[in-house]
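The values are calculated or read from the model by the stated rules, or taken from the named source; none is laboratory data. Quantities reported herein were computed from a predicted structural model and do not represent experimental measurements. Methodologically, a virtual Cβ is constructed for each residue, glycine included, from the backbone with ideal geometry; neighbour enumeration extends over all protein chains shown. Heavy atoms of the whole protein, side chains included, go into the accessibility calculation; ligands, DNA and RNA do not. Shrake-Rupley method; radii C 1.70, N 1.55, O 1.52, S 1.80 Å.
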Amino acid sequence: MGRMIPDEIVQQVRSASDVVDVIQSYVPLKRAGASWKALSPFQKEKTPSFHVSPARQTWHCFSSNRGGDVFKFVMLYENVDFPTAVRKLADRAGIPVPDDGPDDGGASRNLRKALLEVHNLVAGWWARLLHTSKKAEPAREYLRSRAMGKELAREWGLGYAPDEWEATLEYVRQRGYRDEVLRESGLFSEKEAEGGRRARIYDRFRGRLMFPICDDSGQVIAFSGRTLDPNLKGAKYVNSGASPLFRKSEVFFGLHKTKRTILDTRRAVLCEGQIDLIRMWEHGIRNAVAPQGTAFTEVHGKMLKRLADEVIICFDADRAGQKASEKSVEILLESDLSIRIARMPPGEDPDSLLRKHGKEAMEKVLADAPDFVDHLLDVVTAENDTSTPRGLTTATHHMAGILRRVKNPTMREAVGHRIANRLRQTYATLMREVEKAQGPKPRFAEMAGTSGQHQQGPPPRPRGEWVPGGAGHGHGAGQGGQGGGFSSATSSGGGAVTVAGADTDARPGPGFGPGAGAADLQSGGADVGEVPAGHVTKAPPFVCSAIVRDMLSLLLPRPELVPVIHRGLLPEWLAGLEGAHLLEEVLSAHSDDALDDIATFLSGLPDSEQNFLSELLVSPAPLPDDLKPEDYEAYAQKLLLRMEERFHLTRRQILQEEIKRANLPADELMARMKELAAITSKMQNSKHFGA
């Protein structure tokens, strides 16, 4: 249970926070006799009515009829509660405040303080290197190619991480920070050591343009690094690892600068990346935020709900951008926000549009953005011929899935009537589809309680086939025949595979793959729960196609590939692929940081899927012998092409059979013949298909 902030600390923070100094950091004040004044930060006005009294340490805004002390100002301006306001001012004054968690003698507070110092130190060093180091010339050249000047780079604290394995590590070590702190920072990676020695750490970011990620008070808590090597086959962007300061599913890039404008306008513009947001800022559009990579989550939706009433989604005009827009709509609807979707000109993104055509063009795109219903209806009717029964059924089912996310009853009815009218359906028919539409699966954290505990509801399923004293599989298995294991049969051959002593309620390491969590899943003799001796419960085998298995084997230990796969994978490619839904679960969990805790993730899956993933962790599908780490992204692209090729082959066969039957109306027959010709042409002209 969290602890209240002691009164003596509140008073200490109050004494250290001069009301004029604090407010002046938010609002430009002018002296007026013994007091200070400014235009109201809470209401538009032409004549200053906001007054600050240094003698009383109070302020009053006559236009909005608000007033109070320094805490009240921060609460109103930042839109936070009292404890958060105290903590913000305490951080500003350098006063330690007890954490909300259990008392650990101040260790957590000291670690957080040290991590903030490390991030601030590194941010400053990388920023200096960007502007002064000869080795940073590729970064400066990249910025010039994107028309980003020195002042803009300085305003956003951009930097350059040296292209060396331990340059940043040694820089921080030399300033007195121990490896125990650095391991927790998310700025360094670990290389497994042999012979029981502790893993060696090295720089996570090398040869990249660095974007600091700040909390909403402006403190650097993480980084995002963009590659500068066009031939690099790894991820284009890499974020800091999860740390006590940072979880990518809970942070927006740029919010520390744009929060005030979002609060004032009650409108937020959601864009895809850091450069889009920085370009908007440069051109005076200062109410934008950007999630980290693909990770737009329910937490982000709730954050925006506290700040805004309306969100304009402004993603790229390509297919991947539209797919991401729809996913964001589904999440934002859960937060009961008004949503519009900006329609970028083909081939443009906010950065390119602003550079070519300026602020007016971007503002017009935002002003003309239709609401999500009209936009999604336009997309679904463009992709499906609703004059045919099949096309109408597909479009209706798709929109029913969207409508199911609308929580407000009045809004749901209004949106439902609009959808029904556009699709020429009755409202009753549409609502029957809504009832049939499968809702989203519960989040993994909601499906599983803490270790050894389960939420109310049906009892947890058995974890698979329990083999008392069973022989293990893997280097940590069944020591001396002790302990036990899960037995899982798969469709990919090889019969039964036993994972020794797998404890899916244990707390494995932070990774999710053979190099981290798998080691915990292999620990011999681990307790799997209260299963009576000799009791056997069988989980049905999980059936999975080879290509999905290969993709999962590649992805599980390599979360940096998630953006590559997310952007390249189209939903229709998964149709009919056995096990495809599990790939979607893992992609979603990686994006939302749900895989930080393997036990929680696994406990939300059916038994057969738990066993299958446990097997892949211990014994993944083999990668090509000549595959190097720098080739992983290219291999992921190859797997995506295999999925696309399979989809087109299957679709071509279906169309050929439908055309042969020759019992279709002329217009439907013509539509199928056109689609068949397009697929055949694409496969003949693509150098990838059949390779």
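Can you pick out the pairs among K191/K248; K88/K259; K46/K305; K305/K327; K135/K638 whose Cα atoms lie more than 27 Å from each other?
Correct reply: K46/K305; K135/K638.
Which far-off residues, 5 or more places away or on another chain, put their amide H under 5 Å from the one on I213, with H placed in the peptide plane?
The list, which skips near neighbours in sequence, is I221, A222, F223, S224.
Count charges around S15 for me, please; just the other residues with Cβ under 12 Å from its Cβ, Lys/Arg as +1, Asp/Glu as -1.
Residues close to S15 contribute a combined charge of -2.
Applying a 10 Å radius around every beta-carbon, put 403-410, 214-221 in order of their mean neighbour count, most first.
214-221, 403-410
Could you state the accessible area per residue of region 248-372 in Å², with a 1.4 Å probe and every protein chain left in place?
Heavy-atom SASA per residue in region 248-372 reads 35 Å².
For R266, what charge total do you get from the other residues with a beta carbon under 10 Å from its beta carbon, if Lys and Arg give +1 and Asp and Glu give -1?
-2
For the ranges 357-370, 638-651, what's the packing order if you count other beta-carbon atoms within 10 Å of each residue, average per peptide, and put the highest first?
638-651, 357-370
Of the heavy-atom accessible surface of region 196-324 (probe 1.4 angstrom), what whole percent is carbon and sulfur?
45 percent
Roll a 1.4 angstrom probe over the protein heavy atoms and tell me the percent of accessible area of region 43-153 that is carbon or sulfur.
Within region 43-153, the accessible surface is 54 percent carbon and sulfur.
Please list the non-local residues whose amide H lies under 5 Å from the amide H of G67, H modeled 1.01 Å from N, same-chain partners needing a gap of 5 or more.
Amide H neighbours of G67: C61.
So what's the gap between the Cα centers of region 8-54 and region 153-181, to the nearest angstrom?
Going from one Cα centre to the other spans 37 Å.
Could you work out the local net charge near A320, counting Lys and Arg as +1, Asp and Glu as -1, over the other residues with Cβ closer than 12 Å to its Cβ?
-1
Sort the following peptides by mean Cβ neighbour count (other Cβ atoms within 10 Å, averaged over residues), highest first: 665-673, 66-74.
Ranked by mean Cβ neighbours within 10 Å, highest first: 66-74, 665-673.
Need one word for region 158-243: rounded, prolate or oblate. Basis is the Cα gyration tensor (sqrt eigenvalues a ≥ b ≥ c); a/c below 1.5 gives rounded, then a/b vs b/c decides.
Since a/c reaches 1.5 but b/c is at least a/b, the shape of region 158-243 is classed as oblate.
Would you list, by chain and number, the lysines whose Cα falls below 19 Å from the Cα of K660, excluding same-chain residues fewer than 8 positions away?
Result set, ordered by chain and number: K674.
Karplus couplings for region 116-127 from phi (6.51 cos²θ - 1.76 cosθ + 1.60, θ = phi - 60°), rounded to Hz, Gly and Pro as x?
Couplings: 5, 5, 4, 5, 5, 5, 5, 4, x, 5, 4, 5 Hz.
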